[in-house]
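Here's the structure we're looking at; comments come further down.
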Amino acid sequence: VAFGEPGTRWDGHVWLGTGSRVQRRFGAGAVDLDTRGTATRLDDTWTRYTAHTTDPDGEVPWEALAGDNIHALTVQGDRVWFGSAEATWNQAALRWDDGGVAVFDGETWTARTVANTKVGERAGLRHGSVSSLAVGCDGELWIGTGNGWSFWGAGIDVLTPDPTLHALAGDRWEAHGYPQLAGANTTDIAVDCARRQVWV
């Protein structure tokens, strides 16, 4: 669950990520609850988003919401970031069809996955199961990777997105992993900007 900040596009909105850490296929996407800034339910508006409904052609590879099993989300001003776990195995292609990070600015969705962020030998997102997200002190996104099924992840990837937000070529990535971290399966991140510390 994440809340929109006052004065932003998402003021009065509550974002819900649906997912399961027990069953891979139990996720139902993301839900935007617009409370209209009131305590009554009578004027609430609910909008559900899935990988299928947000994607331009409705087929894999997902270019918008990276997957329906959402384990993490955070609101950053007018942006909402979503972390999805790998949940759908493509036996013919021998790969996961989903998982990664997605961002929504109210109009445009963009997915960042292991496949579309790798440039040559330089890795972007190193693992497709995103289990935690946190906004850093300078606006960067801290991405914890791992899952409860295989107990495997790649640690933390830090994304400084392109200023346009949706152009992946301008993204900057920084990787942190074991033994720099206590383990590679990261389940939570907290940022303390007063001390400029990140707890993992």
Classify the stretch 107-200 as rounded, prolate or oblate from the Cα gyration tensor: take a ≥ b ≥ c as the square roots of its eigenvalues, call it rounded if a/c is under 1.5, otherwise prolate when a/b beats b/c and oblate if not. oblate
Per 10 Å bin, what is the whole-percent P(r) computed from every C-alpha pair distance within the stretch 1-41? 28, 40, 23, 9
Are there chymotrypsin sites (Phe, Trp or Tyr not before Pro) in the stretch 92-200 that DSSP puts in a loop and that have at most 13 other Cβ atoms within 10 Å, and which ones? 151, 152
For the stretch 45-131, radius of gyration divided by Kirkwood radius, i.e. Rg to Rh on alpha-carbons: 0.97
Under a Gaussian network model of the chain whose springs join Cα atoms within less than 10 Å, the largest fluctuation of 119, 103, 158 belongs to 119
Cα convex hull of the chain - mean projected area over all directions, nm²: 12.3
Label-zone membership for the stretch 48-76, site residue 25, 7 angstrom Cα→C-beta point, backbone N under 20 Å: 50-53, 59-62, 66-71
Of the GluC sites (Glu not before Pro) in the stretch 107-200, those whose Cβ has at most 13 other Cβ within 10 Å and which sit in DSSP loop: 107, 121
Exposure rank, largest accessible area first [98, 78, 43; 1.4 Å]: 78, 43, 98
Please list 3J(HN,Hα) in residue order for the stretch 113-120, calculated via the Karplus relation 6.51 cos²θ - 1.76 cosθ + 1.60 where θ = phi - 60°; whole Hz, with x for glycine and proline. 10, 4, 5, 8, 10, 7, 10, x
Using Cα springs under 10 Å in a Gaussian network model of the chain, which residue among 88, 113, 50 shows the largest mean-square fluctuation? 88
Taking amide H atoms as placed 1.01 Å from N in the peptide plane, list the residues 5 or more away in sequence, or in a different chain, whose amide H sits under 5 Å from that of residue 171. 162
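The values are calculated or read from the model by the stated rules, or taken from the named source; none is laboratory data. Owing to the predicted nature of the structure, the values given are computational and were not obtained by experimental measurement. All Cβ positions, even for glycine, are placed from backbone atoms using ideal geometry, and neighbour counts span all protein chains on display. Heavy atoms of the whole protein, side chains included, go into the accessibility calculation; ligands, DNA and RNA do not. Shrake-Rupley method; radii C 1.70, N 1.55, O 1.52, S 1.80 Å.
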